[in-house]
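Below: one structure, written as structure tokens.
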Amino acid sequence: MAFYNILFLKQAISVYNKALGQMQQYLELAKLAYEQGVRSEFDVINFESKIGEFKSQIEDLRGKLVIAKTGLKNLMNVPLTDSIDCSGRLEITGTASASGDEVLKGVHEKNY
């Protein structure tokens, strides 16, 4: 289970990073629209605030990833100073695989 937690957190961080890139693009568009007088300064500040919150969520997930790796090292009796890398692919049994939205929903519901 610890191994799958690591895979899940890595996937969630990847999805969050992609979403952050899109949010930053939207911020740039909002700034341009503000300069043109189409959007308010509040919209730009609101985007910046949401991006800041999103970055803190990514850092929270990274912290959880460190904790999950430490737990796996303890289970495997690996010294904490050694590094480990877990790779694999998470799949949901059935006909569908986890989409980015499903991963984000799981993270928001603290289901990891």
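Hey, could you get me the Stokes-Einstein D for the range 6-84, Kirkwood radius over alpha-carbon pairs, 25 °C and 0.890 mPa s, rounded to whole µm² s⁻¹? Don't skip to the end; give the middle numbers.
Values: Rh = 14.7 Å.
Answer, rounded: 167 µm²/s.
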Query raised in the report: Which FRET efficiency, nearest 0.05, do Val66 and Glu28 yield, Cβ-Cβ r, R0 22 Å?
Result: 0.10
Requested in this report: Could you work out how far apart the two model spin labels at Cys86 and Lys50 are, taking each label as a point 7 Å from the Cα in the direction of the beta carbon, and quote it in nm?
Outcome: 3.1 nm
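Could you sort out which of Lys10/Lys55; Lys31/Lys64; Lys10/Lys73 sit more than 26 Å apart by Cα distance in this structure?
Listed pairs above 26 Å: Lys31/Lys64.
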Query - Amide proton proximity set for Arg39, modelled H, under 5 Å, gap of 5+ - result: Tyr34
Requested in this report: Give a residue-ordered list of calculated ³J(HN,Hα) values for the range 58-63 (Karplus: 6.51 cos²θ - 1.76 cosθ + 1.60, θ = phi - 60°; whole Hz; x for Gly, Pro).
Outcome: 5, 5, 4, 5, 4, x
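Bear in mind that the values in this text are calculations on the coordinates, not laboratory data. The structure presented is a predicted model; accordingly, all values stated were derived computationally and were not measured. Positions of Cβ are generated from backbone atoms using ideal geometry, with glycine treated the same way; all protein chains shown enter the neighbour counts.
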